[in-house]
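Shown next, in structure tokens, is the structure this report addresses.
The values are calculated or read from the model by the stated rules, or taken from the named source; none is laboratory data. Since we're looking at a predicted model, the values are computed, not measured. Quick reminder, even Gly has a Cβ in these numbers, built from the backbone with ideal geometry, and neighbours come from all protein chains shown. Heads up: the accessible areas ignore ligands, DNA and RNA and are worked out on the full protein's heavy atoms, side chains in. Shrake-Rupley method; radii C 1.70, N 1.55, O 1.52, S 1.80 Å.
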Amino acid sequence: CAEMIKGGVTSFADMYYFESDIAEATAAAGLRALLCESILKFPTPDAATYEDSLAYTRDFIEKWQDHPLIKPTIAPHAPYSNTEETLRKSAELAQQYNRPLMIHIAETEREQHDSIEQYGKSVVPWLKDQGILDVPIIAAHCVHIDEHEMRMLKKANGSVAHCPSANLKLASGIAPIAQ
């Protein structure tokens, strides 16, 4: 938080674990944040099961939902780290609390290839089938989406966080932001 304040950053989004603790530090620093608790199909540092992750996230949202600086929400990490069930339950939770949802989408070519091979659809249409586009979303990365998927995200009122530093680290490419 101190580094962000020094650089003039007044608001940020964060995704991963112990977001309630991050909310405490962020509020104490006086920053605004969209804090997104991760949901995965396997154990994480703050939850032994995805059911525990959902319960933690529900508690996190209820605790922070009325705070003037903190916007708590849910983040099913990515299609490949979740199941149809965990994605649907994440979307239901976001809908129940009228919260946006953050998710990594099409960060690598392999993710698109695996989605087509496994489900017969590219990532964005498959996520639509799981209800993910029924709530406002922040789609992280989107390096390997096509024009049809871009239109789907636009129609769903989705936003893209393109994460150039992470994409360079993985050598996954550059999101087609201009498009």
| query | With all protein chains present and a 1.4 Å probe, how do 77, 67 order by accessible area, largest first? | reply | 67, 77
| Bin by bin, in steps of 10 Å, what percent of the Cα pairs in region 25-179 do you find, going until the bin that has the longest distance? | 11, 39, 36, 13, 1
| field | 90, 159, reordered so the largest accessible area comes first (probe 1.4 Å) | value | 159, 90
| How much length is gained on full extension from residue 162 to residue 12, taking 0.36 nm per residue of separation minus their Cα-Cα distance? | 52.6 nm
| remark: Once residue 169 and residue 96 are pulled to full extension, the length gained, defined as 0.36 nm per residue separation minus their Cα-Cα distance, is 22.7 nm
| Just how large is the dipole of the chain about the Cα centre, in debye to the nearest 20, putting +1 at every Lys and Arg Cβ and -1 at every Asp and Glu Cβ? | 520 debye
| field | Between region 4-24 and region 40-112, the alpha-carbon center distance in angstrom | value | 17 Å
| message | Given all pairs of different Cα atoms, what value in angstroms does the Kirkwood hydrodynamic radius of region 86-169 take? | response | 12.9 Å
| query | If you rank 12, 42, 60 by how much accessible surface each has, with a 1.4 Å probe, what is the order from largest down? | reply | 42, 12, 60
| field | Structure-based [θ]222 nm, the chain - -39500 (n - 2.57) summed over DSSP H runs of at least 4, per residue, nearest 500 | value | -12500 deg cm²/dmol
| request: Set the Förster radius R0 to 22 Å, insert the Cβ-Cβ distance between residue 3 and residue 32 as r into 1/(1 + (r/R0)^6), and round the FRET efficiency to 0.05. | output: 0.90
| About the Cα centre of region 71-152, what is the dipole size in debye to 20, counting +1 per Lys and Arg Cβ and -1 per Asp and Glu Cβ, all else neutral? | 420 debye
| message | Going through the cross-link list 41/169; 6/169; 121/155; 63/121, which pairs have a Cα-Cα distance over 30 Å in this structure? | response | 63/121
| message | Just to compare against my own numbers: the Cα pair-distance distribution for region 19-60, 5 Å bins, whole % per bin, please. | response | 5, 25, 28, 17, 13, 9, 3
| remark: In degrees, nearest 10, the alpha-carbon axis of helix 50-64 is tilted away from the dominant principal axis of the alpha carbons of the chain by 50 degrees
| message | Could you compute the net charge surrounding residue 35? Neighbours are other residues with a C-beta less than 12 Å from the C-beta of residue 35; K and R count +1, D and E count -1. | response | -1
